[in-house]
Every structure is written in C-alpha cells, then in structure tokens.
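First comes the structure, then the notes that go with it.
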Amino acid sequence: AVAEIRTVRESREIVWGGRRFRVDLDRADFGYAVAEVELQVACESEVEQATTDIHALAAAYGIVGGDVPSKLFEFLRLKCVDAMRYQWREARHGAERAVATRTLTLLCL
C-alpha cells in the first residue's frame, strides 16, 4: 500500500434557494478536509444553472471552490516529500539521487 488514510465522512442535505443540495465533508486522519457539493438535475440543459447554484451555495457557506488535490496526493505532499528529501541528502552517489528524483516525480504528478 502506498498510504493508509482513514477518513470520516459527514453527509448532509441542504435546502437552499429552493433546491436540495447534498454536501459531503471528508476529514482525513492527517488533517486534510475536502467538501463535495452535489445538485442533481433532470436533464443536461440544467447543468450550467446547477453549476452556478453550487458555486453560490459554496460561497455562502465559505467553501472555497476550484481544483483541489486528492487525499492521496495531499498525503504524499505533506508526509512523504520530507522523507524523500532526507533520502536525497543521505544518498552517496549521483545515480541514487537520480533514481530518487524519478521516483518522487512518479509519485507526485
């Protein structure tokens, strides 16, 4: 396993602006939290308005939107990069450093 992450999920339905939203809040055991806001629509023509409504609800509740890293990526960024840096410092040969660099690139991209 690359990582063991325990997550607690809280799910709620919020009626706001006459629409029923589902909000899932995931809290990982290493301090990372992410919210997911969903709004179901009946047809594709409603997607644009639903997206606008989701952003409005998020703003009203102080949820910052945009691209957020996955739990695994954030775990690796917070917990594993320091260990990799330590390995680089301890490496005695340039070839070992090159291998460590390639490994970090594969893990973090």
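In Å and whole numbers, how far do the C-alpha atoms of segment 1-63 stretch along each principal axis, longest first?
42, 24, 16
Among Leu57, Leu39, what's the order by accessible area (1.4 angstrom probe), most exposed first?
Of Leu57, Leu39, the descending order of accessible area is Leu39, Leu57.
Give me the number: length gained by fully extending Thr51 to Ala3, i.e. 0.36 nm times residue separation minus the C-alpha to C-alpha distance, one decimal in nm.
14.0 nm
The values are calculated or read from the model by the stated rules, or taken from the named source; none is laboratory data. All values reported here derive from a predicted model rather than from experimental measurement. The area values use the complete protein model at the heavy-atom level, side chains included, leaving out ligands, DNA and RNA. Shrake-Rupley method; radii C 1.70, N 1.55, O 1.52, S 1.80 Å.
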